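Here's the structure, in structure tokens; my notes come after.
The values are calculated or read from the model by the stated rules, or taken from the named source; none is laboratory data. All values reported here derive from a predicted model rather than from experimental measurement. Here Cβ is always computed from backbone atoms with ideal geometry, including for glycine, and neighbour counts include all displayed protein chains.
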Amino acid sequence: MAFSNALILGLFLAINMALPLPILAKDYVVGDTTGWAIGTDYGSWTSGKTFAVGDTLVFNYGSGHTVNEVKESDYKSCTTGNSLSTDSSGATTIKLKTAGTHYFICAVPGHCSGGMKISVQVKAGTTATPTTTSASTSSATNLSPIAAVLIVSWISYCVLRLV
Ligand SMILES: [Cu+2]
């Protein structure tokens with residue numbers, strides 16, 4: 001009896017550890033309490049953070065700034081003429097929809113070179129809609145919930161028999 005209980009407990013723990021937890025999309029406030037401003041080192045703000053598709057960047061700033069998404073070359077040279085998007089609402093929310101590196105700068109002259117530039121590396125997330133590239137990995141993970149349900153059902157059956 002004691003052995004069975006230990007076995008069940010062990011199995012239960014093993015399943016819990018093996019099951020992938022659902023990864024929820026996160027909101028990141030750029031620069032935290034400092035927000036989107038000149039003189040902030042956004043390189044150190046991004047370091048240690050992992051951004052995934054589905055996450056959101058929130059830029060908070062006063063009037064006189066913008067958030068422009070730009071290409072890498074324009075990020076490096078602080079060029080705003082070819083911006084992919086622009087906003088100056090004071091609270092710009094950017095949903096990270098694609099994997100890869102995304103670049104944002106402030107379009108007000110002097111601000112980008114003054115530090116208002118940020119690049120974020122976005123990895124493919126589990127919250128994204130399935131694409132052909134993730135098909136190979138999703139087939140493996142799709143099996144585990146079914147297996148888990150079967151195992152949990154079997155454990156429940158065993159526990160009920162013991163009681
Ligand atoms: Cu600015």
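Among the listed residues Ala140, Ala135, Ala148, Ala128, which satisfies the condition of being in a helix (DSSP H, G or I), surrounded by 14 or more Cβ atoms within 10 Å (Cβ to Cβ) and at pLDDT below 95?
After ruling out the rest, the residue left standing is Ala148.
Does any residue of the range 59-71 turn out to be in contact with a Lys or Arg (Cβ under 9 Å, 6 or more places away or on another chain) and of a type in the set (Gly, Ala, Ser)?
No: the range 59-71 contains no residue that is in contact with a Lys or Arg (Cβ under 9 Å, 6 or more places away or on another chain) and of a type in the set (Gly, Ala, Ser).
Name the residue that is surrounded by the most Cβ atoms within 10 Å (Cβ to Cβ), counting only residues in the range 73-96 that are among the β-branched types (Val, Ile, Thr) and under 26 Å from Leu24 (Cα atoms).
For the range 73-96, the residue satisfying everything is Thr92.
Which members of the range 89-107 meet the condition of being part of a strand (DSSP E or B) and over 14 Å from Thr56 (Cβ atoms)?
Gly100, Thr101, Tyr103, Ile105
Is it true that some residue in the range 64-72 is away from the ligand (no atom under 15 Å from the Cβ) and surrounded by 12 or more Cβ atoms within 10 Å (Cβ to Cβ)?
Scanning the range 64-72 turns up at least one residue that is away from the ligand (no atom under 15 Å from the Cβ) and surrounded by 12 or more Cβ atoms within 10 Å (Cβ to Cβ).
Can you pull out every residue in the range 46-63 that is outside any strand (DSSP E or B) and within 14 Å of the ligand (Cβ to nearest atom)?
Tyr61, Gly62, Ser63
Look through Thr80, Thr40, Thr34, Thr86 and report the one residue that is free of Cβ contacts under 8 Å to residues at least 24 places away in the same chain, farther than 21 Å from Lys97 by Cβ and within 16 Å of the ligand (Cβ to nearest atom).
Answer to the check: Thr34.
Could you tell me whether the range 68-81 includes any residue that is under 16 Å from Ile38 (Cβ atoms), in a strand (DSSP E or B), of a type in the set (S, T, N, Q) and modelled with pLDDT of 95 or more?
yes
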